[in-house]
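The values are calculated or read from the model by the stated rules, or taken from the named source; none is laboratory data. Quick caveat: nothing in here was measured; it's all calculated off a predicted structure. Here the Cβ positions follow ideal geometry from the backbone for every residue, glycine too, while neighbour counts run over all protein chains shown.
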Amino acid sequence: MNKVITEGLVLMPTPFASGLNLWSKGDGTAGSPTYASDPDAYFVPADQDFGGALELFKTDATQKLRYMKRTPIIPGCYLRVTARVKVIAGSIPAFRIAGWAGRGGDVHVPNLDEAGPSVVPTRLGQVVEVSAIVGSGVRGGVDMSWGSEPEYGYLGLDMTGPSGGVVRIDDLTIEDVTTIFIADMLPIVDVRDFGARGDGVTDDSAAFNAADVASNGREIIVPKGTYRLNKDVFIDTRIRFEGTVVQPRANRFVLRKNFDLPSYIDAFGDEVEAFKKAFQALLNNADHESLDMGGRRIELDGPIDMAAASAKTVFEIRRVIRNGQFNIKPGAGWTPAVATSAATYDPAAARRLTDVANAGSIQVGAQVTGQGVGREVYVRAVDRSAGVVDLSAPLWGGAGRRTYTFTRYRYVLDFSGFSKLSKFTIDNVEFQMNGEASGILLAQEGETFHLKQSFMTKMSHKGLTSIGRGCQDLQVDNCHFVSDEQALPATRRVTVGFNVNANDAKIRSNRFQRLGTSMVLDGQGHLIVGNHWFQGDEVTDGPRVAGLVFTLPNNRANVCGNYIDNCFIEWTNEHDPYPDFFEEFSFGGLVVTGNTFVGIDTARYFSWIVVKPHGKGHFIHGFSVTNNVFRNINGTNARAERIDTSIADLDRSRYRMIEWTGNTYNNVDQETINPVTLEFTQNTAEQTWTLDPSRWLPFDGWTRTVTSVAPVGRLRDAGGATVFEAPAVDRLQGTAFDRLRLHFSKPVRGTVQVTIRCDRPY
């Protein structure tokens with residue numbers, strides 16, 4: 001900024017050669033005496049040092065020289081007044097730049113510093129320069145700081161000290177030197193001022209850190225160039241990038257003031273590298289609990305290894321990534337790695353395969369499939385030299401040597417390199433996978449990973465995968481899982497929304513759209529509340545597949561207030577290394593209440609709740625199905641529940657504590673109730689009545705308990721006389737143990753109301 005240039009401001013005083021009538025002996029105000037009539041002052045036209053000069057004989061203790069035209073004092077503008085002087089005879093005085101601060105009609109502004117520093121020549125004939133800077137601000141280098149009240153000044157020179165000397169003074173100059181203070185006036189610090197080169201080769205780390213120290217709250221600017229930072233850099237103030245930085249993976253770049261992904265993208269120029277460095281800073285800096293992606297979309301052509309990006313393997317302090325999108329570009333980076341190997345399994349070492357052929361080709365995080373393997377079993381670790389593979393869950397198929405397939409899917413965010421990660425949240429982030437990639441792979445161990453208000457859109461295989469116990473207390477809230485397989489029949493889809501191996505998952509208010517399977521849950525203590533998962537297709541009278549799979553028989557889970565659409569809840573023990581029942585809890589601890597179950601154009605054998613034992617001898621002990629709605633549209637189905645006996649059946653003789661009440665049914669051929677109260681009518685007098693309540697009892701239950709038999713109206717004998725007696729009851733009648741017999745003392749006819757249970761209620 002220079003007012004002389006930008007506004008045509010005239011600052012330079014009139015030369016002495018033009019006359020001395022504009023040069024005052026006083027304060028410079030109108031009417032003050034001038035040197036034009038002073039006999040001790042005259043213009044010397046030819047001086048060997050100055051050319052023309054004013055010669056004075058000093059007579060006063062403080063002799064003044066003031067230019068009598070007003071010099072404007074403008075806030076933010078700084079003026080330097082300069083004089084060159086010498087003493088040619090007599091005593092040598094001191095010289096200083098001085099002025100008079102005024103406003104309005106020559107009203108003096110008092111209590112200001114109106115003189116600059118003094119200079120004393122050391123000998124006669126020595127030319128010295130005297131200067132001072134005057135302006136409104138209090139800044140380093142400003143000699144006369146006048147604030148905003150003065151509007152102008154009468155500027156010039158003071159001569160102090162001994163009198164009797166003859167001095168000569170060159171023409172005074174007044175110039176705008178505001179540019180000297182630009183760096184202080186503008187709230188910026190340039191890293192180049194601290195030695196940054198920006199050549200892509202020189203290590204500029206020290207310059208960045210020095211600029212931060214000197215910034216004192218001002219914004220740091222990084223001009224065009226490539227700045228190599230080979231050390232850790234911590235910036236505590238705001239920073240703006242025109243150039244970009246490069247930094248080794250192990251070193252940290254922490255922007256404490258503007259900690260957000262857009263700033264890191266500006267810094268690194270590459271959005272993927274920027275995300276990695278921002279994530280590294282998030283986990284290696286205590287000043288921020290969250291990384292705001294600023295609504296930015298990151299284009300990815302391969303997975304992000306989150307442990308490698310952060311240079312950590314354990315982290316258990318709350319951190320959040322929020323507000324952005326990952327968009328997947330097609331390419332080889334998303335191709336799953338597939339290995340097929342023979343291995344030996346022993347249920348005594350339930351989570352391990354041994355003698356694994358070609359173990360070096362198997363990757364941690366690969367899904368294991370093959371004979372005797374349940375759903376969502378993954379590789380936790382590989383000892384290549386020993387040929388050992390550790391598994392996330394046991395296999396149910398028993399001991400033996402078999403061939404298994406190990407498929408390592410590629411995930412957008414891969415946390416599997418963390419041995420433990422807890423209290424991590426992803427909030428309001430969309431994973432746009434375009435049928436190419438899977439979503440998130442969790443750490444080996446950890447607690448309370450939280451996915452909230454996010455979209456898993458068009459995953460190729462998996463949405464959220466746990467290969468260990470990093471899913472303990474998993475929380476998934478208000479998320480959308482959208483399949484890339486929506487046009488396929490339900491039986492051909494392979495996508496899985498998420499799986500859980502540990503306990504206490506909270507799955508709330510989510511939407512799962514036409515996946516292969518919405519969720520597979522091992523462990524116990526889960527809450528599945530307020531979700532909608534639908535897995536229908538366009539196939540008329542088509543089969544349907546499981547939407548929610550429980551793989552632990554006694555799971556203490558609660559499925560409440562969900563909309564379960566064109567799929568079923570499947571309850572198995574497929575992660576049991578000894579699947580036959582033996583002194584353990586069997587199927588129990590599950591509550592299914594207040595849900596809406598819907599089927600559209602389903603095969604008639606379709607049911608919404610299916611128990612599938614993978615071994616002999618299991619039974620149901622503690623199962624509550626209450627206040628649900630079961631409805632079929634465009635067709636009917638036979639029952640709401642069934643047993644899948646393709647591997648094994650249930651032991652009905654051991655059913656206990658099954659509560660199946662308060663449900664409503666539409667277009668379901670047979671309602672299920674337990675306990676059920678039914679009316680039976682015998683039209684001809686018989687001494688023994690055989691009753692069949694079997695179709696009402698859940699899971700092909702036996703008539704294990706009769707809690708009451710009450711006549712409806714009168715029971716009469718063959719002659720029409722009223723019979724007052726209670727019958728003896730035989731339970732568990734018929735070849736299927738699902739009938740009752742009532743025995744009277746003589747033949748009777750009439751109607752009775754009987755309450756039957758398929759279980760023992762205690």
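For (1) acidic (Asp, Glu); (2) under 60 Å from the mean Cα position of the chain (by Cα); (3) at pLDDT below 95, each residue gets a yes or a no:
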residue	(1), (2), (3)
Asn2	no, yes, yes
Thr6	no, yes, yes
Met12	no, no, yes
Asp47	yes, no, yes
Tyr67	no, no, no
Arg70	no, no, no
Tyr78	no, yes, yes
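Across segment 732-746, what is the number of residues that are surrounded by 15 or more Cβ atoms within 10 Å (Cβ to Cβ) and assigned to a strand (DSSP E or B)?
The total comes to 7.
If we only count strands (runs of 3 or more DSSP E) wholly inside segment 127-245, which ones have 1 or more residues that are in contact (Cβ under 8 Å) with a residue 60 or more places away in the chain and touching a Leu at 6+ places or on another chain (Cβ under 7 Å)?
Counting at least 1 such residues, we get 128-135, 152-160, 166-169, 173-176.
Which residues, taken from segment 709-731, are more than 21 Å from Ile673 (Cα to Cα), buried (at least 17 other Cβ atoms within 10 Å of the Cβ) and touching a Leu at 6+ places or on another chain (Cβ under 9 Å)?
Val723, Pro727 - these are the residues of segment 709-731 that are more than 21 Å from Ile673 (Cα to Cα), buried (at least 17 other Cβ atoms within 10 Å of the Cβ) and touching a Leu at 6+ places or on another chain (Cβ under 9 Å).
Looking at Gly525, Gly497, Gly470, which is the one that is assigned to a strand (DSSP E or B), of a type outside the set (Val, Ile, Thr) and over 18 Å from Glu570 (Cβ atoms)?
Selected residue: Gly470, the only one of Gly525, Gly497, Gly470 that is assigned to a strand (DSSP E or B), of a type outside the set (Val, Ile, Thr) and over 18 Å from Glu570 (Cβ atoms).
Against the conditions (1) under 17 Å from Thr173 (Cα atoms); (2) touching a Pro at 6+ places or on another chain (Cβ under 7 Å), where does Pro93 fall short? Just the number, please.
Of everything listed in (1) under 17 Å from Thr173 (Cα atoms); (2) touching a Pro at 6+ places or on another chain (Cβ under 7 Å), Pro93 misses just condition (1).
How many residues are surrounded by fewer than 16 Cβ atoms within 10 Å (Cβ to Cβ) and aliphatic (A, V, I, L, M) when one looks only at segment 58-93?
So the count comes out to 3.
Filter segment 485-542 down to residues that are among the hydroxyl-bearing types (Ser, Thr, Tyr) and surrounded by 17 or more Cβ atoms within 10 Å (Cβ to Cβ) and give me whichever is nearest to Arg375 (Cα to Cα).
Out of the qualifying residues, it is Thr517.
Of (1) in a strand (DSSP E or B); (2) within 25 Å of Trp696 (Cα to Cα); (3) not small (Gly, Ala, Ser), Arg714 satisfies all except one. Which?
The number of the failed condition is (2).
When the residues of segment 477-505 are narrowed to those that are polar (S, T, N, Q) and in contact with a His (Cβ under 9 Å, 6 or more places away or on another chain), which ends up nearest to Thr407 (Cα to Cα)?
Within segment 477-505, the match that is nearest to Thr407 (Cα to Cα) is Thr495.
Just to verify a result, which residue in segment 207-249, among those that are loosely packed, with under 15 Cβ neighbours inside 10 Å and of a type in the set (A, V, I, L, M), is nearest to Lys277 (Cα to Cα)?
Here the residue is Val213.
Considering only segment 259-288, how many residues are surrounded by fewer than 17 Cβ atoms within 10 Å (Cβ to Cβ) and modelled with pLDDT under 95?
Number of matching residues: 4.
In segment 605-644, how many are of a type in the set (Val, Ile, Thr), buried (at least 23 other Cβ atoms within 10 Å of the Cβ) and without any contact (Cβ under 8 Å) to a residue 60 or more places away in the chain?
Matching residues across segment 605-644 total 1.
Being under 20 Å from Leu413 (Cα atoms) and at pLDDT 95 or above narrows it down to one residue among Cys471, Cys567, Cys560; which is it?
Cys471
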